[in-house]
Amino acid sequence: MAVITITNANFEGEVIKSDKPVLVDFWAAWCGPCIMVSPIVDEIAEERTDIKVGKINVDEESELAVKFGIDSIPSLLVFKDGRVVNRSVGAVPKQSILKLIEE
């Protein structure tokens, strides 16, 4: 499944009301570690049909970044049943991201 661009407008429908767990990548174009993590997140989105994967650009969607206490990027949050169940901050390897989803 392709990565979804998440905005304030579609957040509730794509994340909160999702029937699948959602991995959300908070990122920015100027962030070096975000650029390193992005292809890993894309790869997970293509490999896993049991989850949704979305990205939130913190420069464009600052309201969502504030709402979820994002003060460092990249930040990866896992939502299940409309709430955050796990999070990771910084560039992490694929195995660590997969573990976030499984926990």
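The values are calculated or read from the model by the stated rules, or taken from the named source; none is laboratory data. Because the structure is a prediction, the values reported are computed rather than measured. Here the Cβ positions follow ideal geometry from the backbone for every residue, glycine too, while neighbour counts run over all protein chains shown. When the accessible area is computed, the model is the full protein with side chains, heavy atoms only, and any ligands, DNA or RNA have been set aside. Shrake-Rupley method; radii C 1.70, N 1.55, O 1.52, S 1.80 Å.
Counting only residues that are among the small types (Gly, Ala, Ser) and within 17 Å of Glu102 (Cα to Cα), give me the strands (runs of 3 or more DSSP E) lying completely in the range 1-88 with at least 2 of them.
Working: elements: 22-27, 52-57, 75-80.
Answer list for the range 1-88: none.
Against the test of being under 14 Å from Val84 (Cβ atoms), under 14 Å from the mean Cα position of the chain (by Cα) and loosely packed, with under 15 Cβ neighbours inside 10 Å, the options Ile16, Ile35 yield a single qualifying residue, Ile16. Reported count of residues in the range 91-103, each being in contact with a helix residue (DSSP H, G or I) (Cβ under 6 Å, 6 or more places away or on another chain) and either open to solvent by 90 Å² or more (accessible area, probe 1.4 Å) or part of a loop (DSSP other than H, G, I, E, B) (or both), is 1.
Among residues of the range 85-101 that are within 21 Å of Ala28 (Cα to Cα), those with a beta-carbon under 6 Å from a residue that is among the small types (Gly, Ala, Ser) and in a loop (DSSP other than H, G, I, E, B) at least six positions away or on a different chain give the pairs Val89/Ser72.
Against the definition (surrounded by fewer than 14 Cβ atoms within 10 Å (Cβ to Cβ) and out of contact with any strand residue (DSSP E or B) (no Cβ under 7 Å at 6 or more places or on another chain)), how does Asp81 come out, yes or no?
Values: surrounded by fewer than 14 Cβ atoms within 10 Å (Cβ to Cβ): yes; out of contact with any strand residue (DSSP E or B) (no Cβ under 7 Å at 6 or more places or on another chain): yes.
When the stated conditions are applied, Asp81 passes them.
Do you know which residues across the range 17-73 are among the small types (Gly, Ala, Ser), within 19 Å of Gln95 (Cβ to Cβ) and touching a Cys at 6+ places or on another chain (Cβ under 9 Å)? Give the derivation first.
First, the residues of the range 17-73 that are among the small types (Gly, Ala, Ser): 18, 28-29, 32, 38, 45, 54, 62, 65, 69, 72.
Of the ones still in play, those that are also within 19 Å of Gln95 (Cβ to Cβ) are 38, 45.
Of everything in the range 17-73, nothing turns out to be among the small types (Gly, Ala, Ser), within 19 Å of Gln95 (Cβ to Cβ) and touching a Cys at 6+ places or on another chain (Cβ under 9 Å).
Determine whether Glu60 is touching a residue at least 24 places away in the same chain (Cβ under 8 Å) and open to solvent by 80 Å² or more (accessible area, probe 1.4 Å).
Considered against the rule, which asks whether it is touching a residue at least 24 places away in the same chain (Cβ under 8 Å) and open to solvent by 80 Å² or more (accessible area, probe 1.4 Å), Glu60 comes out as yes.
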